[in-house]
Amino acid sequence: YYYNEESKIWEYIGGIIDETNGTITVDLEHFSKYAIMGYEKTFEDISIPWAKEEIEVLASKHIINGVDDDNYAPNSNISRAAFAKLLVKALDLKASDNVVKFNDIEEEKWYTQPVETAASLEIVKGYGDGDEFNPNGEITREAMAVMIVRALKQVDPDGDYTVDSLGFGDSDSISDWAKSEVGIASNKGLVTGVSSTEFAPKENATRAQAAVIIYRVLDLLNRI
């Protein structure tokens, strides 16, 4: 944590723990007051075996927030803007010089900067002629997979992005623009089906699913 002298509060800056030698590594942008502190966060409504630990880890790293202090609402759908913000924050993405503006992204909203950052890196694209982003629209599972793979390529451009054949029974229902990324995400273990045979590409992604896929990407990058 970094102590902000102006606001008089400790701000989380992250770090990677190496359990083999007991060290923590962190990138510092300036000299200041820093402290190592442990923080654990949980919610009352996350009794989901496949997502509970992932949600707790990301909340403890200040990457995700609940809908209030006690509840995360894991089964609620997540919007395109909210997932873009989560992705940019989790991977600490910085905007490129490729400035992209959408007609429906107002200035100084909670999602303005992360959406524009993701757009500048071509992680997200607009609808139709590309003029609108639809920030409040609920993101589908296939769109979430596309965004996560595009973001991963930004931080790990030399990684293996092999596309294996999709083994889902509903693979034909995956949009053509998403099939490659869904295949990559599946091959890397970032996404799984809603059952042993179905991916359900057009279903809206939930807040729990979003947390799990972000956790898996961070784990893949050794950033947990």
Starting at the first residue of region 58-69, write each ³J(HN,Hα) from the Karplus equation 6.51 cos²θ - 1.76 cosθ + 1.60 with θ = phi - 60°, in whole Hz, x for Gly and Pro. 5, 5, 5, 8, 6, 8, 10, 10, x, 6, 8, 5
First obtain the Kirkwood hydrodynamic radius of region 87-137 from its Cα pairs, then insert it into the Stokes-Einstein equation at 37 °C and 0.692 mPa s, and state the resulting D in µm² per second as a whole number. 298 µm²/s
So if I take the alpha carbon set of region 1-85, get Rg, then get Rh from the Kirkwood formula, what is the Rg over Rh ratio? 1.02
Per-residue [θ]222 nm for the chain (sum of -39500 (n - 2.57) over DSSP H runs n ≥ 4, rounded to 500): -10000 deg cm²/dmol
Could you pull the Cα extents of region 138-193 along its three principal axes, largest to smallest, in whole Å? 30, 27, 18
Would you calculate the separation in nanometres between label points at Asn187 and Ile16, each defined as 7 Å from the Cα along the Cα-to-beta-carbon direction? 2.4 nm
How much net charge surrounds Leu87 when only other residues with a Cβ under 12 Å from its Cβ are counted (Lys, Arg +1; Asp, Glu -1)? +3
Expected unfolding gain across Glu5-Thr197 under the 0.36 nm per residue rule, minus the alpha-carbon gap, is 63.7 nm
Evaluate the chain: find the radius of gyration of its Cα atoms, find its Kirkwood radius, and give the ratio Rg to Rh. 0.97
Taking 2.2 N^0.38 Å as the expected size of a compact globular protein, what ratio does the Cα radius of gyration of region 99-224 give against it, to two decimals? 1.07
Once Lys and Arg are counted +1 and Asp and Glu -1 for all other residues with Cβ under 9 Å from that of Ser175, the total becomes 0
Excluding same-chain residues fewer than 8 positions from Lys89, which lysines have a Cα within less than 21 Å of its Cα? Lys41, Lys52, Lys61, Lys101, Lys109, Lys125, Lys153
Using heavy-atom solvent-accessible surface (probe 1.4 Å) with all chains present, what is the largest-first order of Arg80, Arg216, Arg207? Arg216, Arg207, Arg80
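The values are calculated or read from the model by the stated rules, or taken from the named source; none is laboratory data. In this text, all values refer to a predicted model and were calculated from it rather than measured experimentally. Virtual Cβ from ideal backbone geometry, glycine too; neighbours counted across all protein chains shown. When the accessible area is computed, the model is the full protein with side chains, heavy atoms only, and any ligands, DNA or RNA have been set aside. Shrake-Rupley method; radii C 1.70, N 1.55, O 1.52, S 1.80 Å.
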